[in-house]
Amino acid sequence: MAAQKILDLIQEKGIEMVDFRIVDVPGRQHHVTIPACEVEVDQLIHGIAFDGSSIQGFRGIEESDMVMRPVLSSAYVDPFMEAPTLGLNCTVYEPNGARYERDPRYIAEKAEQYLAATGIADKAFFGPELEFFLLDDVRFDSSANGAFYAVDSEEAVWNTGKGDRPNLAYKVKNKSGYFPLPPTDTQQDIRTAMVKELMAAGIRVERHHHEVATAGQAEINFRFDTLTKTADNTMLYKYIVRNVARRYGKVATFMPKPIFGDNGSGMHVHQSLFKGDSPIFYEEGGYGNLSETALYYIGGILKHAPAVLAFSNPSTNSYKRLVPGYEAPVNLVFSKGNRSAAVRVPVAAVTPKSCRIEFRTPDATANPYLAFAAMLMAGIDGIRNRIDPREHGFGPVDKNIYELDAAEKALIQSVPGSFEESLQALEADHEFLLEGGVFTVDFIRAWIDLKRSSEIAAVNVRPHPYEFHLYLDL
């Protein structure tokens, strides 16, 4: 889309404000707003200046001048602002006009460029399934002498006996929230409102439903697209879900494990490669109708999974979800139609063009630009080095892994047990990410340092409320 078309759109839609938006390293969006009457072609082409030292993971104060340059095709009429507002995603540049190496969107673009350069495929398609909770009340605090959190939902199982308002029953039992009709499913209309806003934003939605957990767990699936475009859609999806929830007086959270004792929220990521119009993951008669190329891609994902999780499961809370017994995909094997494996091969209603693999371990605390890029780089490494998962102890395992005996389970590798272990895996195994200059040593080092200092260390030094239950009387 040309810059003039943006100016025409501003006139056509009566836009009063233009919002320039970037994504920081952890994956949060930031914005600056300019009155539409002040927006000129030069700003749309060359971008606007901002302070990179105030963006987490970017620059120090001594080198803080940076530029955000809009991706004109991302223009989005924002329905959540009181004044008519046009949103524009931006990429980040150095003052000299060079792309900024720590810009997550640039890393995603470089991963796509590297794939094409290998000759393996032209396009990588990604389709994430984001789960989230819709809560009615969220309270938390952490101070020198106390810490707590408390969440609530009108449909939560713990509210069956609550009597401070009319209790209309039909609460969702633990692990019983999959597909119930209203009145048990209290959030049908909210999810439908989210779907309508997603569709209005140009995102193709395939389905929505209540998810397994109590307390308002939900899922809305949107259609796959190329890697960077899907990451763009993921960020817009999270923005729309959160703001529609706010309209209804609720809080949407993509936190993997906000509730103890029930399933957490994941982000299963479907992936496939195409060369021209030809799907290269399909081969009739192969295991799950997968080609050798697809199997090597799986081999790369599973071999490098501990390191990939540093980007796809990048929070201390992620590893509260990745424990056995809650449908968590902790087992580093692949299998067709088997949701207890880290990589599932969908086999129902699959055509050659829809043949794909599904990596089930990630969650939506991930920065999608970084997570999808890391997955693709692992898969490419698997293809280039012919990493056959069948020869590396990665399956296939066509059994319910949760019900295997101890001897059988001992043969199956598991994901790291903590975020620190994933970061250690990334330190030891990141050469595959550096191919083609997609990730850089500087970025990986900065990522590890940022996560250790601002998250892991911050959590480790604080007393946990449950520790009083465990240790107060010792």
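The values are calculated or read from the model by the stated rules, or taken from the named source; none is laboratory data. These figures come from a predicted structure and were not determined experimentally. In this analysis, Cβ positions are derived from the backbone assuming ideal geometry, glycine residues included, and neighbour counts consider all displayed protein chains. The accessibility values were calculated without ligands, DNA or RNA, using every heavy atom of the protein model including side chains. Shrake-Rupley method; radii C 1.70, N 1.55, O 1.52, S 1.80 Å.
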Residues that are in contact (Cβ under 8 Å) with a residue 60 or more places away in the chain, open to solvent by 10 Å² or more (accessible area, probe 1.4 Å) and more than 19 Å from S414 (Cα to Cα): which helices (runs of 4 or more DSSP H) entirely in region 279-325 hold 1 or more of them? 292-303
For region 218-232, which positions are outside any strand (DSSP E or B) and in contact (Cβ under 8 Å) with a residue 60 or more places away in the chain? R223, F224, L227, T228, T230, A231, D232
Has region 403-422 got any residue that is out of contact with any Ser or Thr (no Cβ under 9 Å at 6 or more places or on another chain), part of a loop (DSSP other than H, G, I, E, B) and charged (D, E, K, R)? yes
Within region 23-38, does at least one residue satisfy the condition of being touching a Pro at 6+ places or on another chain (Cβ under 6 Å) and modelled with pLDDT of 95 or more? yes
Selection count where residues are of a type in the set (D, E, K, R) and open to solvent by 50 Å² or more (accessible area, probe 1.4 Å), scope region 65-111: 5
Report whether or not I61 is within 27 Å of R452 (Cβ to Cβ), exposed (fewer than 12 other Cβ atoms within 10 Å of the Cβ) and aliphatic (A, V, I, L, M). yes
Pairs, please: C-beta under 8 Å, at least 6 apart or cross-chain, first residue part of a strand (DSSP E or B) and in region 196-207, second open to solvent by 100 Å² or more (accessible area, probe 1.4 Å)? V205/M199
Of the residues that sit in region 375-392 and are among the charged types (D, E, K, R) and part of a loop (DSSP other than H, G, I, E, B), which one is most open to solvent (accessible area, probe 1.4 Å)? R386
I need the full set of residues from region 171-182 which are surrounded by 14 or more Cβ atoms within 10 Å (Cβ to Cβ) and at positive phi, in order please. K175
Condition check for A215: crowded, with 24+ Cβ neighbours inside 10 Å, at pLDDT 95 or above and not in a helix (DSSP H, G or I): yes
Tell me which residues, restricted to region 420-434, are among the aliphatic types (A, V, I, L, M) and buried (at least 16 other Cβ atoms within 10 Å of the Cβ). L423, A425, L426, L433
Residue identified as closer than 30 Å to S291 by Cβ, in contact (Cβ under 8 Å) with a residue 24 or more places away in the chain and loosely packed, with under 13 Cβ neighbours inside 10 Å among G437, G395, G417: G437
Could you tell me which of the residues I412, I380 is under 22 Å from R339 (Cβ atoms) and not small (G, A, S)? I412
Mind checking which pairs have a first residue in region 105-116 that is touching a residue at least 24 places away in the same chain (Cβ under 8 Å) and on the phi < 0 side of the Ramachandran plot and a second that is open to solvent by 20 Å² or more (accessible area, probe 1.4 Å) and assigned to a helix (DSSP H, G or I), Cβ under 6 Å, 6 or more apart or different chains? Y114/G436
Quick one: A150 ticks every box in (1) at pLDDT below 95; (2) surrounded by fewer than 14 Cβ atoms within 10 Å (Cβ to Cβ); (3) closer than 29 Å to E467 by Cα bar one, so which box is it? (1)
Condition check for P180: touching a residue at least 12 places away in the same chain (Cβ under 8 Å) and closer than 30 Å to E16 by Cβ: no
How many residues of region 440-453 are open to solvent by 70 Å² or more (accessible area, probe 1.4 Å) and of a type outside the set (V, I, T)? The answer is 4
Scan region 359-374 and give yes if some residue there is more than 20 Å from R28 (Cα to Cα), touching a residue at least 60 places away in the same chain (Cβ under 8 Å) and part of a helix (DSSP H, G or I), otherwise no. no
Is one or more of the residues making up region 143-153 assigned to a loop (DSSP other than H, G, I, E, B) and either in contact (Cβ under 8 Å) with a residue 12 or more places away in the chain or closer than 23 Å to F50 by Cα (or both)? yes
Residues I220, I190, I203: which one is open to solvent by less than 40 Å² (accessible area, probe 1.4 Å), over 26 Å from A328 (Cα atoms) and under 18 Å from the mean Cα position of the chain (by Cα)? I203
Where residues in region 338-358 are charged (D, E, K, R) and part of a strand (DSSP E or B), which of them is most open to solvent (accessible area, probe 1.4 Å)? R344
Check D42, D24 and return the single one that is open to solvent by less than 70 Å² (accessible area, probe 1.4 Å) and among the charged types (D, E, K, R). D24
What's the total number of residues in region 454-474 that are closer than 16 Å to G57 by Cβ and either open to solvent by 80 Å² or more (accessible area, probe 1.4 Å) or in contact with a helix residue (DSSP H, G or I) (Cβ under 6 Å, 6 or more places away or on another chain) (or both)? 1
For region 3-20, give me each residue that is of a type in the set (D, E) and open to solvent by 40 Å² or more (accessible area, probe 1.4 Å). D8, E12, E16
